[in-house]
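Only one structure is covered here, and it is reproduced in the block below.
The values are calculated or read from the model by the stated rules, or taken from the named source; none is laboratory data. The structure presented is a predicted model; accordingly, all values stated were derived computationally and were not measured. Here Cβ is always computed from backbone atoms with ideal geometry, including for glycine, and neighbour counts include all displayed protein chains.
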Amino acid sequence: MKILAAAIQMSSEPLQVAANLAKADALLHQAHRDGVTLAVLPEMFNTGYGLLPDYGPTAEGPDGPTLRHLAMRAREWGMAIAGGFVERDAHHLYDSIAFATPDGQLHIYRKRNLVFWERFRFKPGREPLIVSTPWGRIGFAVCADMIYKKVWDGYRGRIDLAVVCSAWPDFADRDTGRKHWLFGHVGPLSGAIPGKVATDLGIPVVFANQCGHTETVIPILHTRITDRFAGLSSICDGMHDAPILAGQADQVLIAPLTIHPSQGPRTWRSTSSLAPEALFSEPARS
């Protein structure tokens, strides 16, 4: 089965939710005009990503403005949309993905492997998320999740497609290009890891990364890097074609994917227990 996918690479202004959402909407509209079935936005695309004083005022639940807008566009355009946001649940904040589907369902995945300053802002997620769709089962990951073997071993044989939302930095001074002495080799991995996952699991991977300026903070080393996001978003078609990579600027990367659903086409269904039950047409189950 073939679908057309988009990895939407964009820069975001810190905490400027309305402006970032308008920018993402224009890029999503471009993907829709080109006939895209699945569009993926970066990690925390609506708030920007970085060591900011307080994400609380911009955190959302399922009825927040960002998630309502993504759900509306998914229904209007018949396009499944994944995007990263800061989720509020009671007194906790999570670095999460919202996945809105054309039939009005909303699924939530929470980043499980927090790094650097994230541990001081967010609570880690505990569960994987698998969503059954008419064209295969999708598994989700956020940025650093994808470097952990246990994440992909948990999905192995259970998914037909992976979606990764990311704000992966370059670990290089944005003005001089000088790489950080310890982490400088990590930035380019954003362009390599999704392809390795696709080959290892034998499934397509859609990886959407942020681009533009940032400041990377490494608390343990008391280090601040006047950094840039690595970009290099990619669409990897598993065992069929070489990965297609973006550069380091805003871009709507579009490519066909070949999906081999091992259990046949399904209706939309999720393993998640995080979204309100009313949003699901069927009870969630594995």
For the range 15-29, indicate whether the set of residues that are closer than 21 Å to VAL131 by Cα, modelled with pLDDT of 95 or more and not hydrophobic (A, V, I, L, M, F, W, C) is non-empty.
-> no
Is it the case that some residue within the range 64-85 is modelled with pLDDT of 95 or more, within 24 Å of CYS236 (Cβ to Cβ), part of a loop (DSSP other than H, G, I, E, B) and among the β-branched types (Val, Ile, Thr)?
-> no
Go through the residues of the range 191-204 one by one and say whether even a single one is in contact with a Pro (Cβ under 8 Å, 6 or more places away or on another chain), among the β-branched types (Val, Ile, Thr), crowded, with 24+ Cβ neighbours inside 10 Å and under 20 Å from TYR109 (Cα atoms).
-> no
Please indicate, with yes or no, whether at least one residue in the range 31-46 is hydroxyl-bearing (Ser, Thr, Tyr) and either modelled with pLDDT under 95 or within 18 Å of ASN209 (Cα to Cα) (or both).
-> no
When you look at ARG33, is it free of Cβ contacts under 8 Å to residues at least 40 places away in the same chain and out of contact with any strand residue (DSSP E or B) (no Cβ under 8 Å at 6 or more places or on another chain), yes or no?
-> yes
Neighbours by Cβ (under 6 Å, 6+ apart or cross-chain): first from the range 195-210, farther than 17 Å from ILE259 by Cβ; second assigned to a helix (DSSP H, G or I) and not basic (Lys, Arg) | ASN209/SER190
Candidate set from the range 148-172 (those that are within 14 Å of the chain's Cα centre (by Cα) and under 21 Å from PHE229 (Cα atoms)); member that is surrounded by the most Cβ atoms within 10 Å (Cβ to Cβ) = CYS165
Name the strands (runs of 3 or more DSSP E) wholly inside the range 101-143 in which the number of residues that are in contact (Cβ under 8 Å) with a residue 60 or more places away in the chain, over 22 Å from ASP153 (Cβ atoms) and more than 14 Å from the chain's Cα centre (by Cα) is 1 or more.
-> 106-110, 130-133
Counting only strands (runs of 3 or more DSSP E) wholly inside the range 171-286, the ones holding at least 1 residues that are modelled with pLDDT under 80 are 213-218
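For (1) farther than 20 Å from ILE254 by Cα; (2) in contact with a His (Cβ under 6 Å, 6 or more places away or on another chain); (3) not polar (S, T, N, Q), each residue gets a yes or a no:
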position: VAL17; (1), (2), (3): yes, no, yes
position: ASN20; (1), (2), (3): yes, no, no
position: ASP25; (1), (2), (3): no, no, yes
position: ALA31; (1), (2), (3): no, no, yes
position: VAL36; (1), (2), (3): no, no, yes
position: LEU41; (1), (2), (3): no, no, yes
position: PHE45; (1), (2), (3): no, no, yes
position: ALA59; (1), (2), (3): yes, no, yes
Residue match in the range 39-56 (condition: in a helix (DSSP H, G or I), under 27 Å from ARG112 (Cα atoms) and either touching a residue at least 12 places away in the same chain (Cβ under 8 Å) or out of contact with any strand residue (DSSP E or B) (no Cβ under 6 Å at 6 or more places or on another chain) (or both)) = yes
